[in-house]
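The values are calculated or read from the model by the stated rules, or taken from the named source; none is laboratory data. Treat the numbers as computed from the prediction; the structure is a model and nothing was measured. Ideal geometry is used to build each Cβ from the backbone, glycine not excepted, and the neighbour counts take in all protein chains shown.
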Protein chains: 2
Amino acid sequence: MDFREKLLNIVHENDSLVCVGLDIDKEKMPKFLLDSSKQPYLEFNKAIIESTKDSICAYKLNMAFYEVFGKEGFELLEKTIKQIPKEIIIILDGKRNDIGNTAKKYAESLFETYEADAVTVNPYLGIDGVKPFLEYKDKCSFILCRTSNPSAVDFQNLKTQGRPLYEIVAEKIKDWDKIGCCGAVVGATYPDELKTIRGILGEDMPLLIPGIGKQGGDVEKTVKYGTNSRHEMALINSSREIIFAGDKEDFAEISRDKAEFLRKEINKYR
Amino acid sequence: MDFREKLLNIVHENDSLVCVGLDIDKEKMPKFLLDSSKQPYLEFNKAIIESTKDSICAYKLNMAFYEVFGKEGFELLEKTIKQIPKEIIIILDGKRNDIGNTAKKYAESLFETYEADAVTVNPYLGIDGVKPFLEYKDKCSFILCRTSNPSAVDFQNLKTQGRPLYEIVAEKIKDWDKIGCCGAVVGATYPDELKTIRGILGEDMPLLIPGIGKQGGDVEKTVKYGTNSRHEMALINSSREIIFAGDKEDFAEISRDKAEFLRKEINKYR
């Protein structure tokens with residue numbers, strides 16, 4: 001089964017475009033868990049997955065939050081991935097990038113060692129650094145196109161050939177999709193740009209859309225401009241607002257409520 | 001002691017601008033080691049470090065080659081770093097990049113967990129993704145500017161404001177250096193561009209220069225255009241050509257000969 005098929009299956013089954021970011025963070029974790037559990041982070045992730053798995057289509061694990069724990073972090077990453085039901089999309093968000101023979105090692109690590117369904121890749125090195133990921137035909141590589149952060153404009157909005165750089169990147173992504181399954185990362189914080197990029201990338205390109213909630217992205221516009229004509233092929237990410245919504249014993253139920261709320265909010269506009 | 005001072009000290013002590021990439025790779029390792037040793041990669045790295053440490057100024061560890069081994073890879077990374085004498089520069093080459101609160105985790109991981117002296121950072125997200133690294137004032141962040149691979153031109157050479165993008169990135173790097181110590185990654189494969197970038201970045205900016213040897217970069221031009229007026233502030237990297245030069249019991253001596261040859265070749269033009 002290829003990535004797009006797997007994505008559509010779970011989107012239909014759970015009637016959801018919600019992607020939950022499992023971005024563990026000591027400072028934001030429920031204190032009682034840190035005090036009482038021998039494996040607080042794994043216990044936390046297990047509880048969040050168990051409570052939200054029927055409300056979402058994907059989990060995204062940002063590798064920075066695991067890497068910071070050293071080798072134990074990678075053990076935690078492995079164990080967390082094992083908790084995720086097989087039908088749900090797993091995105092390893094590492095924004096990896098390197099020259100060809102080295103990018104190949106990253107692709108091997110993410111797709112084989114950790115068995116991700118999808119990864120995020122930074123395009124600054126051009127196709128050499130992307131191709132080794134695209135060779136995994138049943139997987140998906142979400143290429144950074146227009147990121148959600150304020151200083152994205154430093155380079156991504158510079159005019160080149162009469163258009164902002166992110167449009168040129170989008171054109172390349174469309175081209176690279178002929179080699180292997182591409183997606184694009186486009187922030188919800190810039191709805192007009194999201195609209196333009198969906199226009200360039202067409203109906204079938206999955207978009208990973210961070211930036212709603214605390215970062216300020218609007219849900220209605222995100223759905224309107226980010227999805228395709230069938231209101232699909234978008235994964236709308238929320239991390240902190242869902243997983244760290246509660247800090248007491250009932251944290252997992254509160255996270256489920258938040259994920260359900262976002263699922264319904266998104267579906268209002270589909 | 002800050003990064004530039006540490007770099008100058010070891011460059012003077014060893015009279016060397018050579019940076020050796022410890023990019024372990026199962027397919028290129030001496031077979032006898034893989035067959036005979038319980039910890040072949042660690043033993044390999046120890047032997048290479050022991051034999052080359054007087055010929056070089058820095059070791060660069062590309063994280064992809066460690067990450068591919070999963071959690072054992074990060075243990076190996078830690079143990080390898082412990083083998084490197086304190087006066088030698090350690091560069092963790094991960095080309096990391098993310099939005100602010102996440103980039104902070106990467107910076108913590110690389111500078112605190114692994115105690116790197118320097119890292120490589122991808123600039124596509126702008127200053128938000130770079131600043132958390134720059135807050136480690138005694139460390140150095142080498143920002144990707146003009147990479148050594150063929151498809152670097154896909155985006156880095158696009159004309160914007162009448163100049164190629166890599167020049168605009170170089171201007172930003174010079175600006176960011178006011179916040180905290182920046183360096184730049186510039187491939188040896190494009191000597192004219194190396195010259196332009198050194199011109200923009202000025203005397204004191206350390207350049208990390210990959211791309212000599214197999215990738216085709218010329219040593220004379222690299223030294224001429226990549227160093228400053230005192231023939232310093234450049235770290236000229238070689239990985240595979242040095243560490244995998246031999247595959248018998250004497251592999252470490254052969255690597256030392258290769259490193260010494262490169263050191264002298266570089267110094268001919270200083």
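Structure notes:
- Evaluation of A:Cys181 against (1) farther than 16 Å from A:Gly226 by Cβ; (2) touching a Gly at 6+ places or on another chain (Cβ under 9 Å) (one fails), failing number: (2)
- Those residues of region B:243-261 which are in contact with a Gly (Cβ under 8 Å, 6 or more places away or on another chain) and under 27 Å from B:Ala184 (Cβ atoms), in sequence order: B:Ile243
- Verdict on B:Lys159 being within 11 Å of another protein chain (Cβ to nearest Cβ), farther than 20 Å from A:Val121 by Cβ and surrounded by fewer than 21 Cβ atoms within 10 Å (Cβ to Cβ): yes
- Test: residue in region B:204-215 that is farther than 20 Å from B:Asp93 by Cα, surrounded by fewer than 24 Cβ atoms within 10 Å (Cβ to Cβ) and without any contact (Cβ under 8 Å) to a residue 40 or more places away in the chain: no
- Condition met for A:Ile200 (in contact (Cβ under 8 Å) with a residue 60 or more places away in the chain, in contact with an Asp or Glu (Cβ under 8 Å, 6 or more places away or on another chain) and not basic (Lys, Arg)): no
- Scanning region B:105-128 for residues that are small (Gly, Ala, Ser), assigned to a loop (DSSP other than H, G, I, E, B) and under 19 Å from A:Ser151 (Cα atoms) yields one hit, B:Gly126.
- Members of region A:45-64 found to be facing chain B (nearest Cβ under 7 Å), in a helix (DSSP H, G or I) and touching a residue at least 60 places away in the same chain (Cβ under 8 Å), listed by number: none
- Under the condition of being surrounded by 23 or more Cβ atoms within 10 Å (Cβ to Cβ) and either touching a Pro at 6+ places or on another chain (Cβ under 7 Å) or more than 8 Å from chain B (Cβ to nearest Cβ) (or both), the residues counted in region A:105-115 number 2.
- Out of B:Asp138, B:Asp175, sole residue that is within 22 Å of B:Ile127 (Cα to Cα) and free of Cβ contacts under 8 Å to residues at least 12 places away in the same chain: B:Asp175
- Under the condition of being within 12 Å of chain B (Cβ to nearest Cβ), surrounded by 20 or more Cβ atoms within 10 Å (Cβ to Cβ) and in a helix (DSSP H, G or I), the residues counted in region A:175-196 number 1.
- Residue in region A:169-182 that is at negative phi, touching a Ser or Thr at 6+ places or on another chain (Cβ under 7 Å) and charged (D, E, K, R) present: no
- Taking the numbered list (1) in a helix (DSSP H, G or I); (2) buried (at least 21 other Cβ atoms within 10 Å of the Cβ); (3) among the small types (Gly, Ala, Ser) in turn, A:Gly199 passes all entries but (2).
- Scan of region B:228-270 for residues that are in a loop (DSSP other than H, G, I, E, B), surrounded by fewer than 21 Cβ atoms within 10 Å (Cβ to Cβ) and not aliphatic (A, V, I, L, M), ordered by number: B:Asn228, B:Ser229, B:Arg230, B:His231, B:Glu232, B:Gly246, B:Asp247, B:Lys248, B:Glu249, B:Asp250, B:Tyr269, B:Arg270
- Within the set A:Asn97, A:Asn101, the sole residue that is polar (S, T, N, Q) and under 22 Å from A:Leu201 (Cα atoms) turns out to be A:Asn97.
- Sole residue being outside any loop (DSSP other than H, G, I, E, B) and under 17 Å from the mean Cα position of the chain (by Cα), chosen from A:Lys221, A:Lys214, A:Lys131, A:Lys172: A:Lys214
- Checking each residue in region A:30-41 for being within 14 Å of chain B (Cβ to nearest Cβ) and surrounded by fewer than 23 Cβ atoms within 10 Å (Cβ to Cβ) picks out no residue at all.
- Single residue of B:Lys71, B:Lys53, B:Lys79 found to be out of contact with any Asp or Glu (no Cβ under 8 Å at 6 or more places or on another chain), under 24 Å from B:Glu112 (Cβ atoms) and charged (D, E, K, R): B:Lys79
- Note on region A:16-32: among residues that are in a helix (DSSP H, G or I) and of a type outside the set (Lys, Arg), the one that is nearest to A:Lys248 (Cα to Cα) is A:Phe32.
- Members of region B:65-104 found to be part of a helix (DSSP H, G or I), crowded, with 23+ Cβ neighbours inside 10 Å, out of contact with any strand residue (DSSP E or B) (no Cβ under 8 Å at 6 or more places or on another chain) and facing chain A (nearest Cβ under 8 Å), listed by number: B:Phe65, B:Glu67, B:Phe74
- Residue match in region B:8-17 (condition: surrounded by fewer than 21 Cβ atoms within 10 Å (Cβ to Cβ), polar (S, T, N, Q), more than 17 Å from the chain's Cα centre (by Cα) and at pLDDT below 95): no
- Residues that are more than 8 Å from chain A (Cβ to nearest Cβ) and more than 18 Å from B:Met63 (Cβ to Cβ), drawn from region B:116-148: B:Lys131, B:Leu134, B:Glu135, B:Lys137, B:Asp138, B:Cys145, B:Arg146
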